[in-house]
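One structure is given here, and the rest of the page talks about it.
The values are calculated or read from the model by the stated rules, or taken from the named source; none is laboratory data. This is a predicted model, so every value here is computed, not measured. Neighbour counts are summed over all protein chains in view; Cβ atoms, including those assigned to glycine, are modelled from backbone coordinates with ideal geometry. Ligands, DNA and RNA are stripped out before the accessible areas are found, and what is left, the full protein with its side chains, is counted by its heavy atoms. Shrake-Rupley method; radii C 1.70, N 1.55, O 1.52, S 1.80 Å.
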Amino acid sequence: MRAPAQLERHYTLAATIGGQALPAFRESLLDVAADGSGRVVALGDGHVRVFTAAGEPVRQWRAGDGAECLAVGPDRRVYVAGAGRVEIFETDGRGAGGFTFGDAAKPPSVSAIAVHGPDILVADASARIIRRFDAAGRQRNLIGDQGKTKTFMLRTAGST
């Protein structure tokens with residue numbers, strides 16, 4: 001029997017975002033997303049930064065305290081989440097609303113956010129669930145709270 005071939009990963013630098021116009025991420029780069037127009041939106045060092053597809057800076061604004069992750073919705077708004085709060089920003093950085101969730105005494109540990117149609121999905125790592133909200137911030141349901149494993153099992157594309 002022949003041993004399976006080893007696959008080796010090779011990485012090539014495609015682009016560097018930031019350039020000279022905005023300071024580079026000095027302490028943290030927490031999350032990156034793309035909007036529908038080819039721009040790149042990044043969260044790091046307490047700011048949301050927007051870049052062209054070529055990596056040229058467009059704008060930046062201050063992210064809320066405790067921001068951990070971001071997503072760009074189909075409406076091109078930027079959704080920033082962390083510490084039991086979701087902040088919503090227009091494409092130019094103006095605040096467009098937001099909401100809090102969870103227990104203020106023990107805020108949820110937010111690890112990811114996604115916007116799918118009218119739903120805002122927030123992964124709460126401490127509770128091991130996904131919280132599903134509507135556009136107004138009302139919690140519609142919890143995903144994963146009925147499982148017996150008390151954890152998520154992830155499967156990557158191509159795995160069996």
**OP:** Run down 64, 46, 36 and say which single residue is modelled with pLDDT of 70 or more, in contact with a Lys or Arg (Cβ under 8 Å, 6 or more places away or on another chain) and loosely packed, with under 11 Cβ neighbours inside 10 Å.
**Re:** 36
Original post:
Name the pairs: first residue in region 120-139 and closer than 18 Å to residue 68 by Cα, second residue of a type in the set (Ser, Thr, Tyr), Cβ to Cβ under 6 Å, at least 6 apart or on different chains?
Top reply: 123/111; 125/109; 125/111; 126/109; 128/151
**OP:** May I ask you to verify whether residue 26 is loosely packed, with under 15 Cβ neighbours inside 10 Å, touching an Asp or Glu at 6+ places or on another chain (Cβ under 8 Å) and among the basic types (Lys, Arg)?
**Re:** yes
Original post:
Hey, among the residues in region 48-67 that are part of a strand (DSSP E or B) and charged (D, E, K, R), which one's farthest from residue 34 (Cα to Cα)?
Top reply: 62
Original post:
If we keep just the residues of region 72-85 that are touching a strand residue (DSSP E or B) at 6+ places or on another chain (Cβ under 7 Å) and within 14 Å of residue 39 (Cβ to Cβ), which is most open to solvent (accessible area, probe 1.4 Å)?
Top reply: 77
Subject >> Members of region 91-114 that are at pLDDT 95 or above and surrounded by 20 or more Cβ atoms within 10 Å (Cβ to Cβ) >> reply: 113
Original post:
Does residue 88 qualify as being touching a Gly at 6+ places or on another chain (Cβ under 7 Å) and open to solvent by less than 60 Å² (accessible area, probe 1.4 Å)?
Top reply: yes
